[in-house]
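Peer 1: I have a structure here, written as structure tokens, and I will follow up with some questions on it.
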Amino acid sequence: MIDLTGKVVLITGAGSGIGAAMAEAFAVAGATLLIADINVPAGEQIVTTLNSSGGTASFIPLDVANEEVCNQVSKKVLETHGQLDVLINNAGVGSVGTILQTTGVELDRLYSVNVRGVFNLTKAFLPSMLDRKYGVIINMASIGGIVGIRDRLAYCTTKFAVVGMTKSMAMDHSHQGIRINCICPGRVETPFVKARIAEYPNPEKAYQEMSSTQLTGKMLRPDEVASAAVYLASDSAASVTGTAFIIDGGWSAGK
């Protein structure tokens, strides 16, 4: 059992899916949680659930694409808690389409959240981590940041950028006590994914096709990704930095 008691952890996009699973896993590990999401009702519900189960959590409304808001959140968190030990940049958006089907507006939309969001919040909190010579930053990338995925031009473009940004930041700051990694999951069976599958003419066929991408023949569970995040945040991963932590059911192993 990993013990993160006394650690202050901020998770973006924690109102649902992988972010919510991470919030639950970090609460079990004893962390003080800051649940950040642009969806206020969803984020507040997660906080209520965690606190009623004995956790310590509070909600922060946050649009990661807004640099000024990210700076304001950083200031408030540091004033209230004095430190941030772990930053998890999990918030993200997706898109379907080839380059011919993707507009510049759509690419910019994904970039503003998936890339600038990571940039904005990391830049807001990193100076305080450097002052303490301690901090863990975990970015949510994707297997789509390791290999290309058909009909996911904008999504893959941004996730490759997250992997590159993670490695570059690790090169710049690992010697200063900051560990920076990203997680690259395959397809994860989140409520959002289930809802999208239900929209297909043949949901069962769509589910099987998505599951078959993984060599295991099944999609990942959100808690599997959450467990990886808890590990990366812990002292057990003290020598892990600059890595793209792949959890893809064998997707990237080859065909």
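Every read-out reported here was derived from the displayed coordinates using simple, explicitly stated rules and does not represent laboratory data. No experiment lies behind these values; they were computed from the predicted model shown. Cβ sites come from the backbone with ideal geometry, for glycine too, and all protein chains shown count toward neighbours.
Peer 1: For the stretch 229-255, enumerate the residues that are among the hydrophobic types (A, V, I, L, M, F, W, C) and either more than 18 Å from I143 (Cβ to Cβ) or under 19 Å from the mean Cα position of the chain (by Cα) (or both). I'd like the intermediate steps shown before the answer.
Peer 2: Let us first name the residues in the stretch 229-255 that are among the hydrophobic types (A, V, I, L, M, F, W, C), namely 229-230, 232-233, 237-238, 240, 244-247, 251, 253.
Within the stretch 229-255, A229, V230, L232, A233, A237, A238, V240, A244, F245, I246, I247 meet the criteria.
Peer 1: Condition (residue is part of a helix (DSSP H, G or I), out of contact with any Phe, Trp or Tyr (no Cβ under 6 Å at 6 or more places or on another chain) and of a type outside the set (D, E, K, R)) applied to the stretch 89-105: is it met by at least one residue? Step through it out loud before you land on a result.
Peer 2: So in the stretch 89-105, the residues part of a helix (DSSP H, G or I) come out as 104-105.
From what is left, the residues that are out of contact with any Phe, Trp or Tyr (no Cβ under 6 Å at 6 or more places or on another chain) are 104-105.
Right, trim to of a type outside the set (D, E, K, R) and you get 104-105.
Scanning the stretch 89-105, I find at least one residue that is part of a helix (DSSP H, G or I), out of contact with any Phe, Trp or Tyr (no Cβ under 6 Å at 6 or more places or on another chain) and of a type outside the set (D, E, K, R), so the answer is yes.
Peer 1: Mind checking whether some residue in the stretch 237-253 is over 19 Å from A23 (Cβ atoms), charged (D, E, K, R) and exposed (fewer than 15 other Cβ atoms within 10 Å of the Cβ)?
Peer 2: No - not one qualifying residue is present in the stretch 237-253.
Peer 1: Shifting gears a bit: Name the residue that is surrounded by the fewest Cβ atoms within 10 Å (Cβ to Cβ), counting only residues in the stretch 173-203 that are outside any helix (DSSP H, G or I) and free of Cβ contacts under 8 Å to residues at least 24 places away in the same chain.
Peer 2: P201
Peer 1: Here is a follow-up. Any chance you could count how many residues in the stretch 11-54 are of a type in the set (A, V, I, L, M, F, W, C), outside any loop (DSSP other than H, G, I, E, B) and in contact with an Asp or Glu (Cβ under 6 Å, 6 or more places away or on another chain)?
Peer 2: 1
Peer 1: Inside the stretch 135-158, can you point out the residues that are touching a Gly at 6+ places or on another chain (Cβ under 8 Å), of a type in the set (A, V, I, L, M, F, W, C) and assigned to a strand (DSSP E or B)?
Peer 2: Selection gives M140 alone.
Peer 1: So which of A226, A198, A154, A170 is under 14 Å from S142 (Cβ atoms) and of a type in the set (G, A, S)?
Peer 2: On the way: A226 fails: under 14 Å from S142 (Cβ atoms); A198 fails: under 14 Å from S142 (Cβ atoms); A170 fails: under 14 Å from S142 (Cβ atoms).
Just one listed residue meets the conditions, A154.
Peer 1: Only one of these is out of contact with any Ser or Thr (no Cβ under 9 Å at 6 or more places or on another chain), in a helix (DSSP H, G or I) and in contact (Cβ under 8 Å) with a residue 12 or more places away in the chain: A206, A170, A161. Name it.
Peer 2: Working: A206 fails: in contact (Cβ under 8 Å) with a residue 12 or more places away in the chain; A170 fails: out of contact with any Ser or Thr (no Cβ under 9 Å at 6 or more places or on another chain).
When all the criteria are applied, what remains is A161.
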